Structures are given as C-alpha cells and as structure tokens.
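See below for the structure under consideration.
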C-alpha cells in the first residue's frame, strides 16, 4: 500500500467518490489507498467483508475520508444491479469507477467445468459492462467522471496454452474501453484501459501459480503502488490505453511490430513459467 500522504497530481473535485471492485487486496486496495490520499471518498466492493472492513477503517483513520463497503460476488449476474441499488439507497454518486475485480483460471480449457468459465466471464466481461452501463448516465449528467478498466498486458500479446480465456477477456476489455472512451469523451468522461504486466500482488497466490512465476526474472515485475500511480496519472491526462512500465511497453510494442510466429514461439518456450496447462 502506498506511503504517499498528500496529492501529487491534478487535484480531485470536492467530495469525489471512487467505486473500486476487487478492492480487498492487491491493485484494488492500492487504488483505494492512493485515492484516499487524494481525499476522495470510497466505495469498496469485494467478496471478503473482513478485508474490506479492515481496509475501510484504516483509510478512514489515516486520511479522514468516507470509506463505505458493499459485499458482493460479481460472479452473480444480479450483483451489478444490487450494487447500484445500494448506492442509490445510500444516496451516493460515483464519480470514478474502477473495474478491477478479476482472477485467473489455471489449466487447460477443458479441465474446469463450464460453470467455472461462465463465472469467470461474468466477472471479467459482463459485470464490467453492466457497471459501466448503470453508472455512466450519472457521470454524463454531471458532466464529469472517469472509468478505469483494469485489463492486462496479456490482452495485447499472442495467446498461449493454459488460462485459455484470460487473454481473450482482457483483449475484449481493452477494445470495449477504447470504444466507450470515444463515445463519452465529448461529455467530459474519461475511460482508460489499464494493462499491467506482472505485478506483485496475491493474484498468483490465489490461482496457485506462485512457484512458477517466481522463476521469472525480477525485472519483469512492478509493484502495485507504481502501477496505480501510473494509472491515475494516465487517466487524468486523457489516455485511453496505458501499459505501465518501460519493459511492459517494449513487450507491447514488440507484439505489434514483430512477426507473430516469432512471438508465438517465444511465448510458447516460456509459457510454463506463467501458465498452467494441465
């Protein structure tokens, strides 16, 4: 979590409220910390009440912001509507929406049940689109707002064996963000697809890949603090797609300019370091 106590960039409007999904840990918790340091009020959404309550209490005590908690599992197709209904019941307007909730499904495409894949797509695709659909009208009416959709460098790279739907869902998220950004820019709302690479969070612990990814060189990794700091600066200057970190931007550029067969061969040679294919 960031150690920054004061705003360092463009100041937020008074009483700005940021809603963050997947806020209980990792990049989501870091977004909460950095926006709280900028005196934004927070609505934190995730499945784990204990972690949300602890984070909300810590940020309220440290920064004096209003940090509220909504416990929901975005794998439930009704969760986005319930979240928006709860916001209305509490009379809360959302100025910045951060769609950060996500996870990985290790193994080959046929190894889990279809229910696992359906839940995964609900969280990474459907819930994101629906939260944007339901919260965007208020931003447009007020004439300002921002949406940060946390995608991945994987959405810009060739596919690999294992975690079969992860890259495609992140690629969809990037294209969706681009299209939405150009729709709403004239009305004062910014949309950013954030595409981090390997980031030090609990993501790889949860999906059981920590032993494999630990073999990757340290220069491939970024901290959640630096990723989030980069994202906030990017959305404030009106970027639409942002890949944080020089190494990650070099990899994204190589995916555009190098022959795809070279890239596929290179990724296939290391895929067992970052994908489980059994």
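Spot the failing condition for residue 192; the list is (1) at pLDDT 95 or above; (2) surrounded by 16 or more Cβ atoms within 10 Å (Cβ to Cβ); (3) under 15 Å from the mean Cα position of the chain (by Cα); (4) assigned to a helix (DSSP H, G or I), and only one is missed.
Failed condition: (4).
One residue is enough: does the range 143-166 have a residue meeting the conditions modelled with pLDDT of 95 or more and assigned to a helix (DSSP H, G or I)?
Checked the range 143-166: no residue is modelled with pLDDT of 95 or more and assigned to a helix (DSSP H, G or I).
I'd like to check something: does the range 175-182 contain any residue that is surrounded by 21 or more Cβ atoms within 10 Å (Cβ to Cβ), within 30 Å of residue 247 (Cβ to Cβ) and in contact (Cβ under 8 Å) with a residue 60 or more places away in the chain?
The answer is yes; a qualifying residue exists.
Run residue 169 past the list (1) within 23 Å of residue 232 (Cβ to Cβ); (2) crowded, with 19+ Cβ neighbours inside 10 Å and report the number of the one that doesn't hold.
Result: residue 169 fails condition (1) only.
Looking at (1) modelled with pLDDT under 70; (2) in contact with a helix residue (DSSP H, G or I) (Cβ under 6 Å, 6 or more places away or on another chain), can you tell me which one residue 211 breaks?
Just one mismatch for residue 211, condition (2).
Are any residues in the range 108-130 farther than 28 Å from residue 144 by Cα and buried (at least 19 other Cβ atoms within 10 Å of the Cβ), and if so, which ones?
We begin by selecting, within the range 108-130, every residue farther than 28 Å from residue 144 by Cα; these are 108-121.
119, 120, listed by residue number.
Give the residues of the range 137-158 that are farther than 30 Å from residue 88 by Cβ and without any contact (Cβ under 8 Å) to a residue 40 or more places away in the chain, sorted by residue number.
Step one: filter the range 137-158 for residues farther than 30 Å from residue 88 by Cβ, giving 152-158.
Once the filter is applied, which keeps residues that are farther than 30 Å from residue 88 by Cβ and without any contact (Cβ under 8 Å) to a residue 40 or more places away in the chain, the range 137-158 yields only 154.
Given the criterion in contact with a strand residue (DSSP E or B) (Cβ under 9 Å, 6 or more places away or on another chain), at pLDDT below 95 and closer than 29 Å to residue 48 by Cβ, identify the matching residue among 176, 198, 203. First the steps, then the outcome.
Working: 176 fails: at pLDDT below 95; 203 fails: in contact with a strand residue (DSSP E or B) (Cβ under 9 Å, 6 or more places away or on another chain).
The unique qualifying residue is 198.
Which numbered condition in (1) without any contact (Cβ under 8 Å) to a residue 40 or more places away in the chain; (2) under 25 Å from residue 165 (Cβ atoms); (3) in a loop (DSSP other than H, G, I, E, B) is the only one that residue 111 fails?
Of (1) without any contact (Cβ under 8 Å) to a residue 40 or more places away in the chain; (2) under 25 Å from residue 165 (Cβ atoms); (3) in a loop (DSSP other than H, G, I, E, B), only one is false for residue 111: (1).
When the residues of the range 225-278 are narrowed to those that are outside any helix (DSSP H, G or I) and more than 30 Å from residue 186 (Cβ to Cβ), which ends up modelled with the highest pLDDT? Walk me through it before giving the result.
Taking the range 225-278 and keeping what is outside any helix (DSSP H, G or I), we get 237-245, 258-259, 274-278.
This time we only want the ones that are more than 30 Å from residue 186 (Cβ to Cβ), so: 245, 258-259, 274-278.
Numbers: 245: 87, 258: 64, 259: 70, 274: 54, 275: 54, 276: 60, 277: 61, 278: 68.
This residue is 245.
The values are calculated or read from the model by the stated rules, or taken from the named source; none is laboratory data. Because the structure is predicted, anything quoted here is derived from the model rather than measured. Virtual Cβ from ideal backbone geometry, glycine too; neighbours counted across all protein chains shown.
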